[in-house]
Amino acid sequence: MEVNMSVEEAVNQISELVEKEGKPPLKKEVKKSNPELIKNALCYFPSWDDAVEHSICP
């Protein structure tokens, strides 16, 4: 799988979604709106939930 963003970029984009929506984004919704983010996040983290957790925990 080709990665085109760093782990920091992926985490920052997820953090922005959390801030914008006021809650953790659902994988299904992000897969439709930003499939590249899902693909990259899953290269760095074992699951979408882990990526979201990492992006909202200091």
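The values are calculated or read from the model by the stated rules, or taken from the named source; none is laboratory data. The model shown is predicted, which means the values in this text are computed figures rather than measured ones. Cβ: placed from backbone, ideal geometry, glycine included. Neighbour counts: every protein chain shown. With ligands, DNA and RNA removed, areas are computed over all heavy atoms of the protein, side chains included. Shrake-Rupley method; radii C 1.70, N 1.55, O 1.52, S 1.80 Å.
Computed over the chain, relative contact order equals 44 percent, with contacts defined as Cα pairs under 8 Å that lie 6+ residues apart. Of the solvent-accessible surface of the chain, computed with a 1.4 Å probe over protein heavy atoms with every protein chain present, carbon and sulfur atoms account for 53 percent.
What accessible area per residue comes out for the chain, rounded to a whole number of Å², with a 1.4 Å probe?
69 Å²
Mean projection of the Cα convex hull over all viewing directions, computed for the chain: 3.6 nm².
Residue by residue, the stretch 21-37 carries 3J(HN,Hα) couplings of 8, x, 7, x, x, 7, 4, 4, 5, 5, 4, 6, 8, 8, x, 5, 5 Hz when phi is fed to the Karplus relation 6.51 cos²θ - 1.76 cosθ + 1.60 (θ = phi - 60°); x denotes Gly or Pro. A Cβ-based charge dipole, computed about the Cα centre of the chain with Lys and Arg at +1 and Asp and Glu at -1, lands at about 300 debye. Distance from a point 7 Å along Cα→Cβ of Lys39 to each backbone N in the stretch 1-18: keep the residues under 16 Å and list them by number. Only 1-7, 10 pass the distance filter. Label-to-label distance, Asp50 versus Glu8, with points set 7 angstrom from Cα along the beta-carbon direction: 2.2 nm.
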